[in-house]
Amino acid sequence: MLTYSIRRLILAIPTLLFIALIIFLLLLLAPGDPLANMPLTIPPEVREKMREALGLGEAWYIRFGLFLWQFFIVEPQYMIDAMFGTDLADGAQRIISFQSRSPVFDTIGERMPQTLWVVGMSYVVGVLIALPIGIISAYKQYSIFDQLGTLISMIGFSVPTFFTGVVLILVFSVNLGWFPSIYDTQLRVTDWDSFVAQMRQMAMPVFVLALFNASQISRYMRASMLDNLGQDYVRTARAKGMTEKVVVLKHVLRNSMIPVITVIALGVPQVFGGAIITEQVFKVNGLGQLLITAIQGNDIPMVMTLTFMFAILIVLFNLIADILYGVLDPRIRYD
Amino acid sequence: MTDPMTNMPAMSPPRAVPIEKARSQWRDIWAQFRTHKGAVWGLGFLIFITLFVAIGPLIWDVDATKTDIRNKNMRPFYTLLWDSEARFTWVKPLGSDNLGRDVLANLMQGGRTSMAVGWTAMILAVVVGTLIGVLAGFFKRIDGALMRFTDLVLSLPLLPLLLVMMLLFRDTLRATFGPETGIFILIVVAIGLTSWMQTARIVRGDVLALKEREFVLAARSIGTPSRRMISRHILPNVLSPIMVSATLGLANAIITESALSFLGLGFPSDFPTWGKTLFDSIQYMEEYPERVIWPGLCISFTVLAVNYIGDGLRDALDPRIRGQ
């Protein structure tokens, strides 16, 4: 198992490098000029100097190598410096945003908490809703509950999140006035009142994303439970005189969770992608919104870093899903 | 060892079985499909919405992009039920937007674009996916390379890349093909090229299983060349997974297109699609919620219908379920 994990980790490196190359080459084609917003009175030779200062004069492979160096060596050094007060980085050049002229990772660090709160909460809530629904739907197959669950989950992943979000805003913040429609990032949770305010502004985006996630996961849970409920070991367990609760919640559930857990792990990076749209609807200024503004403003280093971070998430969680599968299911042997 | 036959009841003389009329496989599939209530409703709605966007503009002959400032901000006719003061005119039955453009005509015109993008992108994705899946499953030499490539594309962050692609190639294509055709080609190709992977994987798996079957061996032993083997024996047998993933692809393409338009990276603003209309109306949604609701409902119901059709097709095409 350990050798397998190490082998997979090592194999992930060329994959990531290749993905980085694809994204880099795609961005290299970008028609926009980062100096387009500069005054026209700047003489051409100064403009050329400015381009060189931004690192645009070099050949693409040097810029690519520099990006990788900064991403994997320099930025972690700065991170360690910030945490332990050391001086590893020694003033090395960081990845600088074209738009704000500040280090890309500083901006990302500012935006990260909002995204993590909303996305993380929505995923947890989604999973917590999905599992019981899937279990009950499978145990009482074709009952009213099952049919209702099927209908709701069908609606949940058919209706796009931007429409669900807009309808929720219309009902709950325009008509009823229960929740604010715009996410306030300045809010600091210091006491009970600000905590309630935070919960209220998180309610709608979390609900939208949670509904979408829950509708997919509950389908998997139901299918997996149904597969296991018909197995021979279930009959054996019942024949031994075990109570229904033990049979379903111990024997069947544990076995059904194996594929579902990998599905949950595989879904994490997708949730980050899906949050791009939800953040736009509720004006949460998280990573998704940062990506959109960076794309619109031709901010190549920012787009490159963010997209590459999404890619790392995908590769990482694919790896986690595969390893989890091997850990949880003793029938799977990778060695 | 006793002969198993002796234990069986005495064989009755063969009864005259009335010869049933030979039923084609497609008729069986249709019969099974009809038992799925959601799928039938979905098919009905899909036909309705297709007719609505295809024939609708011929009947409701109003230019969707024509501004009519005198009749701007009209409410739809049903607002009269609870608000007799509402600004309303029969010229604009579903109301008009802030520039006086007709909402009903907008829905029809926008639907045309959304559906056209959805179908074309889906066909592109299915063709690419089937091609790669069949090639990988049938020819062992290129299987490894093609599947590694598929895995690689699967681990790309697709939505961010889609957004980047939209931004990068927008101006070039617009200059080459004109604003509308250029963006159409860009969106279709971008969505198609980012959603073929699931089809390829499923098709490859089925082709691998089919290759071990006797009829393929028989066909090979009489010297069928690979090209005809694929077209005569392999492709017809992987049709059902392809059809199911085609419905999923259609739903996915419609959602992706409207999401792109919603993020402001889709069609230009004077060119309505459902997602674009929804996006443009959000700033007025407090006073005029109907402008958001109608396009949103169109997208949602179309996708829901397509997903239900996919569900029904999966059941109908599965021979283990069919006929029970």
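Coordinate-derived values only; no laboratory data. Since we're looking at a predicted model, the values are computed, not measured.
First obtain the Kirkwood hydrodynamic radius of segment A:202-335 from its Cα pairs, then insert it into the Stokes-Einstein equation at 37 °C and 0.692 mPa s, and state the resulting D in µm² per second as a whole number. Reported coefficient: 186 µm²/s. Using a Gaussian network model of chain B in which every pair of alpha carbons under 10 angstrom is joined by a spring, one finds that among B:225, B:295, B:268 the greatest mean-square fluctuation is at B:225. With N as its number of residues, segment A:186-246 has a Cα radius of gyration that, divided by 2.2 N^0.38 Å, comes to 2.01.
Are there DSSP H segments in chain B that both extend 30 Å or more along their axis (alpha-carbon positions) and score a mean Kyte-Doolittle hydropathy of at least 1.0? List them, or say none. Show your work: numbers first, answer last.
Numbers: long enough: B:103-138 (51 Å, 1.47); B:239-262 (34 Å, 1.30); B:290-317 (39 Å, 0.74).
Long hydrophobic helices here: B:103-138, B:239-262.
Under a Gaussian network description of chain B, with springs only between Cα atoms under 10 Å, the residue in B:24, B:195, B:240 that fluctuates furthest is B:24. Which of B:311, B:63, B:97 ends up with the largest GNM mean-square fluctuation for chain B, with Cα atoms connected below 10 Å? Sorting by GNM fluctuation, first place goes to B:63. By the Cα gyration tensor, segment A:106-328 has an equivalent ellipsoid whose semi-axes, rounded to whole angstrom, run 36, 22, 15 from largest to smallest.
Only helical DSSP H runs with n ≥ 4 go in: add -39500 (n - 2.57) per run for chain A, normalise by residue count and round the 222 nm mean residue ellipticity to 500 deg cm²/dmol.
Details: 12 runs with 231 residues, N = 335.
Rounded to the nearest 500, it is -23500 deg cm²/dmol.
Normalised by the number of residues in chain B, the average gap of Cα pairs under 8 Å and 6 or more apart makes the relative contact order 24 percent. You can think of it this way: the chain between residue B:85 and residue B:221 has 40.9 nm of extra reach, that is 0.36 nm per residue less the Cα-Cα gap.
Once the protein assembly as shown is represented by equal point scatterers at the alpha-carbon sites, with solvent omitted, what log10 I(q)/I(0) does the Debye formula produce at q = 0.09 Å⁻¹? Computed log10 I(q)/I(0) values: -0.92.
Taking amide H as placed 1.01 Å from N in the peptide plane, residue B:87 has its amide H under 5 Å from the amide H of B:75, each at least 5 places away in sequence or on another chain. Fraction of C-alpha pairs exceeding 30 angstrom in chain B: 51 percent, rounded to a whole number. Amide H to amide H distances under 5 Å link residue A:285 with no residue, where only residues 5 or more positions off or on other chains count and H is placed in the peptide plane. Pairs over the 25 Å Cα-Cα cut-off, from the set A:283/B:72; B:37/B:92; A:140/A:250; B:37/B:211: A:283/B:72; B:37/B:92; B:37/B:211. Dividing the summed helix terms, -39500 (n - 2.57) for each DSSP H run of n ≥ 4, by the number of residues in chain B produces a 222 nm estimate of -21000 deg cm²/dmol to the nearest 500. A straight chain from residue A:28 to residue A:231 at 0.36 nm per residue would run longer than the Cα-Cα distance by 67.6 nm.
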